[in-house]
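Asker: Pasting a structure here, questions to come.
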Amino acid sequence: MSVQARSQIGLVLMGGSPSGDVALAKRAEAAGFDSVFTVEFFNRHGYVPLAAIAAATERVRIGTAIANAFTRSPLLHASAAMDLDELSGGRMVLGLGSATRRMNEEWYGVPFEAPAARMRELVRLLHAAFAAQKGGGLRFEGDFWKLRIPLYSRPGAARETIPVWIAAVNRGMIAAAGAVADGLVGHPIATRRWHREVTLPGLREAEAAAGRAAGACALKPYVLTSIQQKREDAVYDAKCQIGFYYTTDLYHSVLDLHGLRHVGDACRAALKRLDFKAMAEAVPDELVDEIAIACTPDEAPDRLAQWDDLTDEPLLYPPSVGVAPERLAANHDALFHLFRRA
């Protein structure tokens, strides 16, 4: 499948600031990309930049990939999504992720418990809120949330519902996504083998158990994309990002599938020493090849085609950890040139 023939292609916005993300979103729309997504971190808000992006664009779908699920009440997620859907004329995708225990407890000061079960219920609650937009009130009785709003309504809604995607790596959250979500946002360090052997079978099993059609929850994977004139530069930038993620034990299940748990141990030890060079060098080339498009411009289309059997919408994700600003800019220029669809 050529880039032009691919049904959809998305971009994770790594502009470094809200204004930078708006500028990248405009470039992505001009290049014919189908979707753009903000990220959320302790110093980056997932929703706020999307309001400016909605105003600055006309066609491209917008979304969070991802917003932190448990650091806001469900109705704050719902109202933000509905506001952005209205401002964009029905282009919003609500992507949510549990994040890690440390992120919830140490960054945001919120409790972290039963993430997969809470995520299932959160998505059901969001669907109930979207369905109540026309009035008649909102009543929800769950294990984690109980809401009663007799006069709930949402005038001005652009659509009757909004797609909800769940970020997932491990089997419990994959099952939650398959049961209730419209899409699963694949983590940047999930390998193609992980998606073939774990993600997709888990989604299909959960869909069937929930009485849903096969494919009701589509895989929307982050695809780490690092394109430079020198292949070694592209690979090193990808390794910096991969090594940073593999300092987190939660993601080592992916390494276990490949018999590479020692890679995660080495990355974590290097981070404790603040040795970022060693952290990148701990990542083997074969793992980069399974995770990323890390290559020269002429190799990039064929590398993207390796994801064709997994998804109809890869979300291209430029690495930023340890990447020099000029290399990040060159990577963006290459993305918009090579994957142009307009």
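Asker: Taking Val93, is it under 30 Å from Pro201 (Cα atoms), under 20 Å from the mean Cα position of the chain (by Cα) and not in a strand (DSSP E or B)?
Answerer: Working: under 30 Å from Pro201 (Cα atoms): yes; under 20 Å from the mean Cα position of the chain (by Cα): yes; not in a strand (DSSP E or B): no.
No: the conditions fail for Val93.
Asker: Got at least one residue in region 169-187 being surrounded by 19 or more Cβ atoms within 10 Å (Cβ to Cβ), of a type in the set (D, E, K, R), in contact (Cβ under 8 Å) with a residue 12 or more places away in the chain and not in a loop (DSSP other than H, G, I, E, B)?
Answerer: Among the residues of region 169-187, not one is surrounded by 19 or more Cβ atoms within 10 Å (Cβ to Cβ), of a type in the set (D, E, K, R), in contact (Cβ under 8 Å) with a residue 12 or more places away in the chain and not in a loop (DSSP other than H, G, I, E, B), which makes the answer no.
Asker: Those residues that are assigned to a helix (DSSP H, G or I), free of Cβ contacts under 8 Å to residues at least 24 places away in the same chain and within 30 Å of Asp249 (Cβ to Cβ), I need them from region 102-128; list them, please. Before the answer, list the steps.
Answerer: As a first pass, look at region 102-128 and keep what is assigned to a helix (DSSP H, G or I): 102-107, 115-128.
Still in the list and also free of Cβ contacts under 8 Å to residues at least 24 places away in the same chain: 102, 105-106, 128.
Scanning region 102-128 gives Arg102, Glu105, Glu106.
Asker: Restricting attention to helices (runs of 4 or more DSSP H) lying wholly within region 244-342, give those where 3 or more residues are of a type in the set (A, V, I, L, M) and touching a Gly at 6+ places or on another chain (Cβ under 9 Å).
Answerer: Working: elements: 252-257, 261-272, 276-281, 285-291, 300-305, 325-338.
Correct list: 261-272, 276-281.
Asker: Still on this structure, I have one more. Given Leu50, Leu76, which one is over 17 Å from the mean Cα position of the chain (by Cα), under 30 Å from Lys146 (Cβ atoms) and assigned to a helix (DSSP H, G or I)? Full working, then the answer.
Answerer: Values: Leu50 fails: over 17 Å from the mean Cα position of the chain (by Cα).
Just a single option satisfies the conditions, and that option is Leu76.
Asker: Can you find, within region 102-120, the residue that is surrounded by the most Cβ atoms within 10 Å (Cβ to Cβ) among those that are under 20 Å from Ala181 (Cα atoms) and not charged (D, E, K, R)?
Answerer: Step by step, filter region 102-120, then rank; the result is Met119.
Asker: Checking Ser35 against (1) within 21 Å of Leu219 (Cα to Cα); (2) surrounded by fewer than 20 Cβ atoms within 10 Å (Cβ to Cβ); (3) among the small types (Gly, Ala, Ser): exactly one of these is not met. Which one?
Answerer: (2)
Asker: Could you tell me how many of the residues in region 129-168 are touching a helix residue (DSSP H, G or I) at 6+ places or on another chain (Cβ under 9 Å) and part of a helix (DSSP H, G or I)?
Answerer: In the first step, residues of region 129-168 are kept if they are touching a helix residue (DSSP H, G or I) at 6+ places or on another chain (Cβ under 9 Å); the result is 129-130, 133, 138-140, 142-145, 147, 149, 152-162, 164-168.
Going one step further and asking which of them are part of a helix (DSSP H, G or I), we end up with 129-130, 133.
Matching residues across region 129-168 total 3.
Asker: Quick one: is Arg212 crowded, with 16+ Cβ neighbours inside 10 Å, on the phi < 0 side of the Ramachandran plot and under 16 Å from the mean Cα position of the chain (by Cα)?
Answerer: Values: crowded, with 16+ Cβ neighbours inside 10 Å: yes; on the phi < 0 side of the Ramachandran plot: yes; under 16 Å from the mean Cα position of the chain (by Cα): no.
In short, no.
Asker: If Lys220 satisfies all but one of (1) part of a strand (DSSP E or B); (2) more than 27 Å from Gly172 (Cα to Cα); (3) among the charged types (D, E, K, R), what's the number of the condition it fails?
Answerer: (2)
Asker: Further question: For the subset of region 217-239 comprising residues that are surrounded by fewer than 22 Cβ atoms within 10 Å (Cβ to Cβ) and in contact (Cβ under 8 Å) with a residue 24 or more places away in the chain, which member is farthest from Val263 (Cα to Cα)? Reasoning before the result, please.
Answerer: Keep residues of region 217-239 that are surrounded by fewer than 22 Cβ atoms within 10 Å (Cβ to Cβ), which gives 218, 228-233, 235.
Adding the requirement that they be in contact (Cβ under 8 Å) with a residue 24 or more places away in the chain leaves 218, 228-231, 233, 235.
Working: Ala218: 30, Gln228: 25, Gln229: 27, Lys230: 25, Arg231: 22, Asp233: 21, Val235: 16 Å.
Across region 217-239, the extreme among qualifying residues is Ala218.
Asker: Next question. Please work out which one of (1) in a strand (DSSP E or B); (2) of a type in the set (S, T, N, Q); (3) over 28 Å from Leu84 (Cα atoms) is the condition Thr199 fails and give its number.
Answerer: (1)
Asker: Continuing with this model, one more query. Just to check your reading of the model, which residue among Ala55, Ala25 is among the small types (Gly, Ala, Ser), buried (at least 18 other Cβ atoms within 10 Å of the Cβ) and either outside any strand (DSSP E or B) or in contact with a Cys (Cβ under 6 Å, 6 or more places away or on another chain) (or both)? Walk me through how you get there before you give the answer.
Answerer: Values: Ala55 fails: buried (at least 18 other Cβ atoms within 10 Å of the Cβ).
That would be Ala25, the only listed residue that is among the small types (Gly, Ala, Ser), buried (at least 18 other Cβ atoms within 10 Å of the Cβ) and either outside any strand (DSSP E or B) or in contact with a Cys (Cβ under 6 Å, 6 or more places away or on another chain) (or both).
Asker: Polar (S, T, N, Q), surrounded by fewer than 22 Cβ atoms within 10 Å (Cβ to Cβ) and closer than 18 Å to Ile242 by Cβ - does that describe any residue in region 192-205?
Answerer: no
Asker: If you go through region 202-212, how many residues are over 22 Å from Leu96 (Cα atoms) and assigned to a loop (DSSP other than H, G, I, E, B)?
Answerer: Qualifying residue count for the region: 1.
Asker: Is it the case, given these coordinates, that Val22 is within 25 Å of Ala324 (Cβ to Cβ), over 17 Å from the mean Cα position of the chain (by Cα) and of a type in the set (A, V, I, L, M)? Show your work before the answer.
Answerer: On the way: within 25 Å of Ala324 (Cβ to Cβ): yes; over 17 Å from the mean Cα position of the chain (by Cα): yes; of a type in the set (A, V, I, L, M): yes.
When the stated conditions are applied, Val22 passes them.
Asker: Next up: Taking interchain pairs and intrachain pairs at least six residues apart, which have beta carbon atoms under 9 angstrom, with the first residue in region 137-152 and under 14 Å from His127 (Cβ atoms) and touching a residue at least 12 places away in the same chain (Cβ under 8 Å) and the second of a type in the set (Phe, Trp, Tyr) and surrounded by 13 or more Cβ atoms within 10 Å (Cβ to Cβ)?
Answerer: That search, which allows pairs on different chains as well, returns Leu138/Tyr152; Leu147/Phe140.
All of the numbers you see were taken from the coordinates with simple rules; none came from a lab. Keep in mind that what you see is a predicted model, and the values were worked out from it rather than measured. All Cβ positions, even for glycine, are placed from backbone atoms using ideal geometry, and neighbour counts span all protein chains on display.
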